[in-house]
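Here, each number is a calculation from the coordinates, and none is a lab measurement. This structure is a prediction, so every number in the text was calculated from the model and none was measured. Note that each Cβ is placed from the backbone with ideal geometry, even for glycine, and that neighbours are counted across all protein chains shown.
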Amino acid sequence: MTHVVVDPVTRIEGHLRIEAEVDGGAVQDAWSSSTMFRGIEAILKGRDPRDAWAFTQRICGVCTTVHAITSIRAVENAIGAEPPPNARLLRNLIMASQMVQDHVVHFYHLHALDWVDIVSALSADPAATAGLAQSISDWPLSSVSYFTGVRNRVQQFVERGQLGPFGNAYWGHSAYRLPPEANLMAVAHYLEALDWQRDFIRIHAVLGGKNPHLQSFLVGGMATPLDPDKQASINMTSIAFMQGLIRKAKTFVEKVYIPDLLAVASFYKDWAGYGKGVGNYLVYGEYPEADGANAPLFLPSGVIRNGDLSTVEPLDPAKITEYVTHSWYDYEAGDGEGIHPSLGETSPNYTGPQPPYDRLDIEGKYSWLKAPRYDGLPMEVGPLSRMLVAYGSGHPRVQELVGYALGQLGVGAEALFSTLGRVAARGLETLVLAEKLEDWLMELADNMGRGELEIADNSKWDPSNWPEECTGAGFHEAPRGALGHWVHIKKGEIARYQCVVPSTWNAGPRDAMGQAGPYEAAIIGNPVADPEQPLEILRTVHSFDPCMACGVHVLDPKGRELVKVRVQ
Amino acid sequence: MSESWFIEELERRGVSRRDFLGFCGVMTSVLALPRSAGAQIAEAIETKEKPTLVWLEFQDCAGNTESFLRASRPTVADIVLDTISVDYHETIMAAAGHQAEAALAGVVEGKPGAYIAVVEGSIPTGENGAYCTIGGRSAQDIAREVCGGAAATIAIGTCAAFGGLPAAAPNPTGALSVADAVPGVKNLINLPACPANVENLVGVIVYYLTFNRFPKADRYKRPLFAYGKSIHDNCERRAHFDAGQYVEKWGDEGHRTGYCLYKMGCKGPVSYQNCPNIRWNEGTNWPIGCGHPCIGCAEPDFWDKMTPFYSHLPSFPGFGLHANVDRVGVWATAGVAAAFAAHGFVQLGKRWMYAKADESAAAKGAKAATEKKGEES
């Protein structure tokens, strides 16, 4: 038995450590640990609830819109503010463009190097590469001279002898299986996607002033004025600019991302047999198509147990609990209890080894993440969950695309419950949303044309119009999955704030019952050809798109000093 | 293969040598350097071996990393970044685990005093460093070793520069800035903002590579070329402030017309950064441009001092002009000494901000502040 430690897990947001027992060429057991903690919810206590979106937004700079959106929804829910239709459309545009951009960056810049061997690309024949590229897509950058240029550029980079971020990696590992031409095509698109993401995200600069950390969110609406006859508002020039970006994005997803995804997947079909994980899927649902509390959602909510696509249960947030049995916190009622987030109780209690350390105490507490459970069960959240719930709920476009992808790869529906299924679902979701973005933009333009320019519910802006005491919850589907914020407001100030975030669901440790979290469960059974180079573990962990800074939070409901702060 | 490689690379990417020299000229004007420096920058970029840079992430959100990926002036800025060998950066590097740590150790041990360290995120000191560990080591331990051996350190983003969000009251983890967590670190420059604008990062790196020193900085170690003037002084809505034309409600006529956001809580008058000039995302827009007040994100302790974000400045305790904002507007509308009133207000605001910041800096044992800031406007 070999004990493998991967720390840091790179190409993710934040700090993640994986420990695994490897025997007989496969992972026998695994532990996922988050090794960073900031205490943002404690910092929020006593502050103006209208500021909370900016604080929580800084939980993550990669999914830079998600906590801001969820926070304003939670506060609006508490104080009874009702954002107008234009605010809903502006938010849908911001959220969905975030999803599209983030998923493309994940595929090419965070995940691709687990499947693509850059060094192998050097031996590719540019003519054969052009043939391959043209056979899967009519994307114009597919000529022999183009791929010759990319190969020469990589060649020169390597010959200079300074490999920078590509140094010391697993190049040549036996688990890399793409032919040199596919590797070269993927490297070319890695570079193109780097330009693409920078260009497309300018839609956030129009809608939010800047990216990362857009600055147009408001409790009750959005701060982006709309007026077709004003220079300082979103006007028709802005609409045309955004329309151009959206169409370019859709073309890139259709002609580069999806063909690449299917091409790469076709060489790794055995990964449809690894990385299933817990097999339970939870989705809050997203993209309201109308206003008010029970508006229909473009991507539906629901819960699937044991991979049973025929039964999508309605979601009941009251069934969510969090455990700290193996997390560096204590509960007053004892560490075996599960507590609902609205009553969230968190007192840090670090019992791990003193740094520097080699091993975590995996029998005891071993992570800064809690372990959320739904009806007592671990749940996977994220693109795969959303696509499965949409598929099981009869979403026509999702059903069509899932059927197409399975057909192209020649695999059955069971292939969805895997590392490969997770990667494919992310791509399909990107396409579904890239196609949808223009509808919301046109709806916004129509409203502007009719003179409907309202962007915020100003009636609840002044805290003197709020109840003396109120509570609220906000839900969102972030790129990495189901996100919820719970807020308790007293006399215009935050009394309690709690977040249960996607990476807590997915990357959390074991619970009181000993059930492994989704990462842990998904890694178990993965092949590992060389414990010194655990490339296969990275494949499955990255398929979840870890975002660890999001996962760690704390609020002490009693307001006592959380820790002794030693100022040097 | 240095010089010809670079020119060939430029040409392959459709950038002529002339375009490149033009870019260097732009950089000299961004950095307010003499024109001759343009050639010097070009020479530095073309002929030196790729300098090594390591990028550390501690209590961060990766927002500055994302900003780095948005490097604007696309083609040429991309090359400038390509010209640096980024040997360690957790978010983008291919290697993981002990291979990643070996890459970092290779730089620290193999190139002592000859690499640039970039730090993103604050550094927690509570719980003996257990609030942030990488490879089992505490952030502070890593920062002391890596920054201690670097030729220069760039603290990018407000968390690394000033402690930022994790250090906001009550600072649950004992989070510190790089300057406080690694006392005596040499050649430190701060690029605060939440996140920092990549144009300013590129500017600092080019400056450093050209002159082998950092640009002139203010008392907070922020480069003057990027943080030397207030948002307010360069704001496109300044004329509306002077004319007493303010946004009163979200979406009202004034908001749609682009009136001043001062009454909605704008912190532009006490915030120093070049957002109004260089804007964001390839010059597409900036927060005030999209209708939201500035939150002062490049100022020390802004999470505590600039909040509540939607309260206008005179409501700050100790400001001395409480309840006078409407009168400032009335004076201005009446055309009476508008500029004087505004200027006096800014001076007061600055004095307050820096007085408060000095208290905080003194409490942390930071170096005594100079009065350089007061000379700017």
#### Entry: Charge dipole (debye, nearest 20) of chain A; +1 at Cβ of Lys and Arg, -1 at Cβ of Asp and Glu
960
### Peptide B:63-71 - average C-beta neighbours from other chains (10 Å radius)
6
### Message
Using only alpha-carbon positions, what ratio does the radius of gyration of region A:93-137 give when scaled by 2.2 N^0.38 Å?
### Response
1.57
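Once fully extended, how much extra length lies between A:Glu82 and A:Glu289, figured as 0.36 nm per residue of separation less the alpha-carbon to alpha-carbon distance? Can you show the working numbers first?
Details: separation 207, 0.36 × 207 = 74.52 nm, distance 1.49 nm.
Result for the pair: 73.0 nm of gain on full extension.
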## Note on the structure
Computed curve, region A:469-537, Cα-only Debye sum without solvent term, log₁₀ I(q)/I(0) at 0.12, 0.14, 0.26 Å⁻¹, is -0.53, -0.64, -1.06
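In what sequence do A:His213, A:His15, B:His312 fall when counting other Cβ within 10 Å, fewest first?
By the 10 Å Cβ count, ascending, the order reads B:His312, A:His213, A:His15.
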### Message
Using just the Cα positions, wrap region A:144-240 in a convex hull and report its mean projected area in square nanometres, one decimal place.
### Response
10.9
## Note on the structure
Per the rule of 0.36 nm per residue minus the C-alpha distance, extending A:Glu414 to A:Asp23 adds in nm 138.1 nm
### Gyration tensor (Cα) of region A:1-88, equivalent ellipsoid semi-axes in angstrom
40, 15, 11
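In what order do B:Ser271, A:Ser310 fall by count of nearby beta-carbon atoms within 10 Å, going from fewest to most?
Fewest-to-most ranking of B:Ser271, A:Ser310: A:Ser310, B:Ser271.
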### Query
How much mean residue ellipticity at 222 nm does the protein assembly as shown get from its helices, if each DSSP H run of length 4 or more adds -39500 (n - 2.57) and you divide by all residues, to the nearest 500 deg cm²/dmol?
-11500 deg cm²/dmol
### Message
Based on the alpha-carbon set only, what is the convex hull volume of region B:108-266 divided per residue, in Å³?
### Response
149
### Query
Per residue and in cubic angstrom, what volume does the convex hull of the Cα atoms of region B:112-166 have?
72
### Query
Under a point-charge model restricted to the Cβ atoms of Lys and Arg (+1) and Asp and Glu (-1), what is the dipole moment magnitude of region B:230-314 relative to its Cα centre, in debye to the nearest 20?
100
### Query
D for region A:393-446, whole µm²/s, Stokes-Einstein with Kirkwood Rh over alpha-carbon pairs at 37 °C and 0.692 mPa s: what number?
266
### Task
Principal axes first, then extents: for the Cα atoms of region B:86-139, list largest minus smallest coordinate on each axis, whole Å, largest first.
31, 24, 18
### Message
Just to be sure I understand the model, the point goes 7 Å from the Cα along the line to the Cβ. What's the resulting A:Asp530 to A:Asn349 distance in nm?
### Response
4.4
### Query
Where does the Debye-calculated log10 I(q)/I(0) of region A:307-366 sit at q = 0.16, 0.30 Å⁻¹, using only Cα point scatterers of equal weight, no solvent?
-0.66, -1.23
### Kirkwood Rh in Å, taken over region B:230-314 so that all alpha-carbon pairs contribute
12.8
### Query
Which value, to two decimals, describes the C-alpha radius of gyration of region B:60-178 once divided by 2.2 N^0.38 Å?
1.10
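If you take the Cα Rg of region A:317-437 and divide it by 2.2 N^0.38 Å, with N the number of residues, what do you get?
1.44
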### Query
For region A:71-226, what are the per-bin percents of Cα-Cα distances with bins 10 Å wide, up to the bin holding the maximum?
10, 29, 24, 16, 14, 6, 0
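First obtain the Kirkwood hydrodynamic radius of the protein assembly as shown from its Cα pairs, then insert it into the Stokes-Einstein equation at 10 °C and 1.306 mPa s, and state the resulting D in µm² per second as a whole number.
Roughly 57 µm²/s, to the nearest whole number.
Can you give the FRET efficiency for A:Asp361 and A:Ser174, using 1/(1 + (r/R0)^6), R0 = 30 Å, r = Cβ-Cβ distance, to the nearest 0.05?
After rounding to 0.05, the efficiency reads 0.35.
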### Message
Over the Cα atoms, compute the radius of gyration (one decimal) and Dmax (the largest Cα-Cα distance, rounded to a whole number) for region A:49-161, in Å.
### Response
22.0, 63
### Task
Quote the convex hull volume per residue of region A:255-394, based on C-alpha atoms, as a whole number of Å³.
199
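What average number of partner chain Cβ atoms lie no more than 10 Å from the Cβ of the residues making up A:192-199?
Average neighbour count from other chains, rounded to a whole number: 3.
From the C-alpha coordinates alone, can you work out the Kirkwood hydrodynamic radius of region A:2-551, in Å?
Numbers: mean 1/r = 0.0414 Å⁻¹.
By the Kirkwood definition, the hydrodynamic radius is 24.1 Å.
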### Query
How would you order B:142-148, A:159-165 from highest to lowest mean count of nearby Cβ atoms within 10 Å?
B:142-148, A:159-165
### Task
Sort A:Lys370, A:Lys319, A:Lys491 so the one with the fewest other Cβ atoms within 10 Å of its own Cβ comes first.
A:Lys491, A:Lys319, A:Lys370
